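These notes are about the structure you will find just below.
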Amino acid sequence: MTSPGSPFFKTGMALGALAILLISVCMGAAIGETAIPIATVAQTIANRLWGAGYAVSPLDEGIVWSYRLSRAVVAACCGSALAISGVVLQSLLRNPLADPYILGISAGASTGAVSVAILGLGTSMLSLPLGAFLGALTAFLLISLLAMKTGTGTTAIILAGVAGSQLFNALTSFIVTKAATAEQARGIMFWLLGNLSGVRWPDAYLAIPATLLGLVICLRHSRALDAFAFGSNSAASLGISVLRTQIVVIGASAVMTATMVSIVGSIGFVGLVIPHAARMLVGVRHGVLLPASALIGAVFMILADIFSRTLIPGQVLPVGVVTALVGAPVFAVILSKKRERA
Amino acid sequence: MKLSATDLSWSIGGNTLLQSISFEVANGEFFGIVGPNGSGKTTLMSLLSGIRKPQVGSVTLDGQPLSKIGRRDVARNIALVEQQAETGERLTARQAVELGRTPHLGAYSPWTQEDTETVNRALRNVDMDHLAERYWHTLSGGERQRLHIARALAQEPKVLLLDEPTNHLDIGHQIDLLDLVGKLDLTVVTALHDLNHAALFCDRIALMQNGSLVALGKPSEVLTVDCIREVFGVEAEVEPIGQGSCNIRFVPRSRIHHARESRFRAAS
């Protein structure tokens with residue numbers, strides 16, 4: 001990474017990454033309760049995108065296009081967005097334990113969601129995802145304000161995040177125990193743990209631009225993010241406008257995360273673990289680290305979703321359970337390996 | 001380049017950390033800032049580097065106020081080596097120095113061969129090129145400090161600001177580091193703890209106390225017995241050694257006491 005690497009090499013890497021991503025998405029579409037051959041998946045995609053006119057059974061085409069592909073695409077976006085958010089937050093807050101939810105986003109989202117679903121606040125205008133999105137942004141703004149009041153340090157925002165998350169989680173539990181029927185509570189629970197089941201193409205049309213925009217904004221700041229390695233004063237002395245970078249990049253990650261949480265609920269461990277795994281593989285330079293994390297996050301989420309659908313026949317686990325079940329041990333292994341090497 | 005501070009003041013929560021500080025540092029000068037802990041040295045350094053904006057007064061570079069120069073342009077002219085800047089990232093020594101090129105690179109402008117050469121030069125300058133591929137966390141305090149200086153040099157600044165760069169280094173590394181900085185063809189402003197080092201290496205010294213500038217001039221003019229007693233509260237013997245420099249020998253209180261006692265005995 002010291003020398004920039006030839007453009008040829010870079011293009012190769014980018015194409016390779018795209019190929020891996022494409023293969024993962026196709027796998028996500030092929031594997032499931034009814035296995036569908038990869039060829040059929042490819043033919044369906046060709047039919048839908050370019051009107052290729054392959055003969056595919058309408059049933060298969062329906063499953064692949066309407067259910068599994070949209071789901072795999074959203075899973076990929078969600079994994080990418082959470083991983084990118086994790087990278088930038090860990091760098092800016094200089095805390096290896098920072099993850100997208102540290103800003104209170106998931107807690108706020110759940111409060112927003114249950115307010116809509118159970119209390120029926122603004123049900124006529126707000127859908128549950130929109131309620132979640134608004135809840136997430138409200139929590140984020142409150143926590144940012146609190147952090148700014150407390151002080152300027154990076155610890156301030158983490159403490160404010162912890163305090164805010166506790167508050168919003170308490171509110172959520174309060175609403176659920178006070179007002180929800182058992183069935184509603186179950187549904188909310190499932191959503192809180194992260195759930196890709198109801199995902200369709202309109203969700204993807206929201207998830208794709210949010211993820212791409214977030215990635216582009218963060219990549220634009222990759223040198224600035226590098227400069228935070230020795231803290232914000234050091235970044236400032238290297239000519240970085242610290243406050244602007246923090247606002248833009250943290251804002252981007254907040255919007256990305258809020259979007260994802262509103263579509264699929266809160267999925268733990270991806271935003272925390274994937275950045276660390278990516279750092280071990282490609283190093284700490286954000287110009288490489290961000291795309292690598294995005295790719296690994298995307299592939300990881302697609303695989304996690306496949307597992308969540310196939311692990312127990314006839315039953316779908318919340319994908320958040322799978323990411324935590326896989327993520328936690330992997331994280332433990334990474335941590336202990338890191339120790340040995342240090 | 002000429003760096004000047006005019007009437008700088010800074011206070012936080014009712015505590016005045018700096019009060020009406022004014023001085024000028026000439027091109028190529030080795031300028032020291034000394035004073036007891038809490039006298040405002042670090043605050044002054046952060047104002048001089050432009051990472052904080054003065055509440056009152058201004059810092060100018062060749063007559064241009066820093067507030068009128070963009071952040072990146074300031075960073076191309078002034079480099080700051082902070083006290084003990086640490087990282088938890090798994091950076092290599094070379095990557096840490098490469099950060100110094102940040103103000104010269106745009107968001108999309110590619111890293112060039114020239115940048116690599118500048119970094120190599122900076123690493124050679126602080127005699128760290130043989131450790132360039134080592135991870136940051138495997139290096140000693142002295143090596144890290146030299147890398148910070150290399151990072152600052154990679155910025156290709158005209159003015160180098162150092163905040164107590166010799167802290168936590170052993171005496172050999174302290175002298176090496178100051179020697180190295182003194183040889184650079186740069187305007188240097190450094191906060192220093194050790195008065196003897198300040199006297200040995202600095203062309204001029206600013207002495208701070210409780211946020212105010214109490215003396216300014218050649219080491220032998222500033223570091224007088226009275227001044228040291230007044231500001232640091234210690235007794236010292238000062239011996240001029242020419243060219244405005246001097247040697248300071250501190251006298252422990254117990255020794256003073258003894259000296260008086262023995263004199264008293266001799267008299268009686």
Rounded to a whole number, the mean other protein chain Cβ count within 10 angstrom for residues of A:227-233 is 6
So the pair-distance distribution of region B:115-250, from every Cα-Cα distance in 10 Å bins, comes to percents of 11, 38, 30, 16, 5, 0
With bins of 10 Å, the percent of all Cα-Cα pairs of region B:1-79 per bin from 0 is 18, 54, 26, 2
Looks like region A:267-342, by Cα gyration tensor root eigenvalues a ≥ b ≥ c and the a/c under 1.5 rounded cutoff (else prolate when a/b is bigger than b/c, oblate otherwise), is oblate
Amide H contacts under 5 Å for B:ALA215, restricted to residues at least 5 apart in sequence or on another chain and with H modeled in the peptide plane, are B:LEU207
Going residue by residue through region A:54-63, the Karplus relation 6.51 cos²θ - 1.76 cosθ + 1.60 with θ = phi - 60° gives ³J(HN,Hα) values, rounded to whole Hz and with x marking Gly or Pro, of 5, 7, 10, 5, x, 5, 4, 4, x, 4
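What number in nm² do you get for region A:46-158 if you take the convex hull of its Cα atoms and divide its surface by four?
Mean projected area for region A:46-158: 10.6 nm², to one decimal.
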quick note, region B:3-218, DSSP beta bridge pairs, % antiparallel (nearest 5) is 55 percent
Taking a label point 7 Å from the Cα of B:LYS2 along Cα-to-Cβ, the residues of region B:60-89 whose backbone nitrogen sits under 19 Å from it are B:60-69, B:77-78
Quick calc: nm separation of the 7 Å Cα→Cβ label points for A:LEU119 and B:ARG134 -> 5.9 nm
Rounded to the nearest 10, the angle in degrees between the Cα long axis of helix B:141-154 and the longest principal axis of the Cα atoms of chain B comes to 60 degrees
Across B:VAL234, B:VAL97, B:VAL181, the residue with the highest GNM fluctuation in chain B (Cα network, 10 Å cutoff) is B:VAL234
Calc'd 3J(HN,Hα), region B:99-112, phi into Karplus 6.51 cos²θ - 1.76 cosθ + 1.60 (θ = phi - 60°), Hz, glycine/Pro = x, comes to 4, x, 7, 3, x, 9, 10, x, 4, 10, 5, x, 5, 10
Filtered hits (aspartates and glutamates, Cα-Cα < 15 Å from B:LYS218, offset >= 8 within chain) -> B:GLU24, B:GLU29, B:ASP203, B:GLU239
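Considering only Cα-Cα distances, which of the following residue pairs are longer than 31 Å: B:LYS53/B:LYS158; A:LYS149/A:LYS178; A:LYS10/B:LYS158; A:LYS10/B:LYS68; A:LYS149/B:LYS41; B:LYS41/B:LYS68? Working shown, then result.
Working: B:LYS53/B:LYS158 20 Å; A:LYS149/A:LYS178 33 Å; A:LYS10/B:LYS158 36 Å; A:LYS10/B:LYS68 39 Å; A:LYS149/B:LYS41 27 Å; B:LYS41/B:LYS68 24 Å.
Beyond 31 Å: A:LYS149/A:LYS178; A:LYS10/B:LYS158; A:LYS10/B:LYS68.
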Pseudo-spin-label distance A:SER127 to B:ARG255, built 7 Å along Cα→Cβ, given in nm, is 8.2 nm
Both in Å, the radius of gyration and Dmax of the C-alpha trace of the protein assembly as shown are 30.0, 121
Across B:76-89, the residue-averaged tally of Cβ atoms belonging to other chains within 10 Å stands at 4
Expressed as a whole-number percentage, the relative contact order of region B:3-218 with C-alpha contacts under 8 angstrom and at least six residues apart is 32 percent
By the C-alpha gyration tensor axes a ≥ b ≥ c (rounded if a/c is under 1.5, else prolate when a/b exceeds b/c, else oblate), the shape of region A:28-341 is oblate
Per residue, the convex hull enclosing the Cα atoms of region A:155-298 spans a volume in Å³ of 125 Å³
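Could you check what % of the DSSP bridge pairs in the protein assembly as shown are antiparallel, to the nearest 5?
If I count the DSSP bridges inside the protein assembly as shown, around 60 percent turn out antiparallel.
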For region A:181-249 the trypsin sites (Lys or Arg not before Pro) that pass both the DSSP coil test and the at-most-14 other-Cβ-within-10 Å test are A:ARG200
The Rg/Rh figure for region B:213-259, Cα atoms and Kirkwood Rh, to two decimals is 1.02
Over all pairs of different Cα atoms in region A:159-201, the reciprocal of the mean inverse distance gives a Kirkwood radius in Å of 11.9 Å
Counting only residues 5 or more apart in sequence or on a different chain, those whose built amide H sits under 5 Å from that of B:LEU17 are B:TRP10, B:SER11, B:ILE12
Scalar couplings 3J(HN,Hα) for region A:195-205 by Karplus 6.51 cos²θ - 1.76 cosθ + 1.60 (θ = phi - 60°), nearest whole Hz, x for Gly and Pro, are 8, 9, 4, x, 6, 10, 4, x, 5, 5, 5
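If you take each beta carbon of peptide B:93-104 and count the beta carbons of other chains within 10 angstrom, what is the mean?
Mean partner-chain Cβ count within 10 Å for B:93-104: 4.
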Per GNM of chain B with C-alpha springs under 10 angstrom, the most fluctuating residue out of B:GLN113, B:GLN95, B:GLN209 is B:GLN113
Counting every C-alpha pair in chain B, the percent lying more than 22 Å apart is 59 percent
At 37 °C in a medium of viscosity 0.692 mPa s, region A:1-70 has a Stokes-Einstein diffusion coefficient, with Rh taken as the Kirkwood radius over alpha carbon pairs, in µm² per second, of 242 µm²/s
Sorted by chain and number, the residues with a modelled amide H under 5 Å from that of B:LEU162, at a separation of 5 or more or across chains, are B:VAL81, B:VAL189, B:THR190, B:ALA191
Each label sits 7 Å from Cα toward the beta-carbon; between A:PHE174 and B:SER20 the label points are separated, in nm, by 5.5 nm
Highest GNM mean-square fluctuation among B:ILE21, B:ILE51, B:ILE205, for chain B with Cα springs under 10 Å, belongs to B:ILE51
At 20 °C in a medium of viscosity 1.002 mPa s, region A:125-233 has a Stokes-Einstein diffusion coefficient, with Rh taken as the Kirkwood radius over alpha carbon pairs, in µm² per second, of 125 µm²/s
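Since every read-out is calculated from the coordinates, none of them should be taken as a lab result. Nothing here was measured: the structure is a model prediction, and the numbers come from that model. Here Cβ is always computed from backbone atoms with ideal geometry, including for glycine, and neighbour counts include all displayed protein chains.
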